[in-house]
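Asker: Okay, here's the structure, questions in a sec.
Derivation of every value follows stated rules applied to the coordinates shown; laboratory data play no part. The structure displayed is predicted, hence computed values, not measured ones. Here the Cβ is made from the backbone with ideal geometry for all residues, glycine too, and neighbour counts use every protein chain on show.
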Amino acid sequence: SVCAERNAIAAAVLAGGRHLQAVAVCTDASPPSSPCGGCRQVLREFAADPTAVTIIAVNSRGERRSWTLAALLPDSFSGTELP
């Protein structure tokens, strides 16, 4: 399956977006869960600075968690490392 985060990135790219600033995730999990590893990598590919991208997860019970992308995907790979 394709996660909501990847669908959101694809929709943003189709609309002309190229630079990620923040992501909001709504989940039924308690506590709210963070994006999966595959989504973290896709998010990283659209983040110029992963320390400046905030990911916020909430659920219907009002629980909230937040991280930077760098915290969720340390030592990440981006296309800038390619020759």
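Asker: If you go through region 7-46 one residue at a time, how many are touching a Leu at 6+ places or on another chain (Cβ under 8 Å), closer than 13 Å to L69 by Cα and not small (G, A, S)?
Answerer: So the count comes out to 8.
Asker: If you don't mind, there's one more thing I want to ask. Taking A48, is it aliphatic (A, V, I, L, M) and closer than 19 Å to V13 by Cα?
Answerer: Details: aliphatic (A, V, I, L, M): yes; closer than 19 Å to V13 by Cα: yes.
Here the answer is yes, as A48 does meet what is asked.
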